[in-house]
Structure formats: structure tokens, C-alpha cells
Amino acid sequence: MGSKKASSYQFSSKVWLYPGQNAAWHFVRVPKKLSREIQTRYEGMTRGWGSFPVDATVGKTTWKTSIFPDKKSGTFLLPLKASVREKEGIRVNITIQISLTVRI
């Protein structure tokens with residue numbers, strides 16, 4: 001997969017609920033500038049649906065997941081697991097601090 005090193009990024013983003021019937025998926029958007037940086041740095045290393053595997057940390061909770069490209073917003077989306085939301089008291093419309101490490 002190449003010799004690139006994993007990089008960590010920190011950002012804040014507002015939690016939102018995926019729209020639609022029976023919506024239960026909570027997400028945050030990786031900022032556009034940071035999304036472009038990740039896309040450029042790790043070009044050609046994506047997985048299914050153009051995703052990148054990451055370790056995400058919010059508060060004291062770290063989990064393995066993926067970020068997914070969202071063509072509409074031009075950003076990556078980070079899904080927030082229910083167990084993480086519960087442990088960290090995360091709700092829709094609050095802004096949270098995230099640390100993200102791309103796993104390569």
C-alpha cells in the first residue's frame with residue numbers, strides 16, 4: 001500500500017442525524033479543507049465506497065471505523081456509534097472535538 005505514514009487530525013464538528021424515515025445514524029462532517037488534505041494524501045488507498053479506515057477519538061472513547069466521502073457536501077462523514085454517543089453524552093446539534101487517525 002505504499003510507504004505513507006498514518007497522520008492524526010483534530011477538529012470540531014456539529015453532530016447531525018441522517019435524514020429519512022427511521023433515521024438513527026448520527027454523523028459529523030470532517031471539515032472541507034481537512035477532507036481535501038486526507039483525500040490528496042492517501043489518494044489511491046481507499047476502500048469500499050471511497051472510504052478510509054480510521055481510529056476516531058471523542059473524549060476518552062476511541063473506536064475503529066471509517067470515514068466516507070459525501071459528494072453533496074464535499075467532505076468526509078464520520079459515523080458515531082450508539083455506544084460512543086452514550087459513553088460521551090453526545091446528542092444531535094452539539095459540537096464535539098474529534099481526533100482522527102487514518103489507518104493505512
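The values are calculated or read from the model by the stated rules, or taken from the named source; none is laboratory data. No experiment lies behind these values; they were computed from the predicted model shown. Please note: Cβ atoms are built from the backbone with ideal geometry, for glycine as well, and neighbour counts cover all protein chains shown. The accessibility values were calculated without ligands, DNA or RNA, using every heavy atom of the protein model including side chains. Shrake-Rupley method; radii C 1.70, N 1.55, O 1.52, S 1.80 Å.
Remarks
- Among the listed pairs LYS32/LYS87; LYS33/LYS87; LYS5/LYS72; LYS14/LYS81, those beyond 25 Å (Cα-Cα): LYS32/LYS87; LYS33/LYS87; LYS5/LYS72
- Diffusion constant of the chain at 37 °C, which comes from Stokes-Einstein with the Kirkwood Cα-pair radius and 0.692 mPa s, µm²/s: 234
- Dividing the summed helix terms, -39500 (n - 2.57) for each DSSP H run of n ≥ 4, by the number of residues in the chain produces a 222 nm estimate of -4500 deg cm²/dmol to the nearest 500.
- Heavy-atom accessible area with a 1.4 Å probe sorts LYS72, LYS33, largest first, into LYS72, LYS33.
- Exposure rank, largest accessible area first [GLU37, GLU43, GLU86; 1.4 Å]: GLU86, GLU43, GLU37
- Per residue, the accessible area of segment 1-98 comes to 65 Å² when a 1.4 Å probe rolls over the protein heavy atoms.
- Residue ranking by accessible heavy-atom surface, 1.4 Å probe, largest first, among TRP49, TRP63 comes out as TRP49, TRP63.
- Surface calculation, 1.4 Å probe, protein heavy atoms: ILE67 sits at approximately 0 Å² accessible.
- Dipole magnitude for the chain: about 120 debye, using +1 per Lys or Arg Cβ and -1 per Asp or Glu Cβ, origin at the Cα centre.
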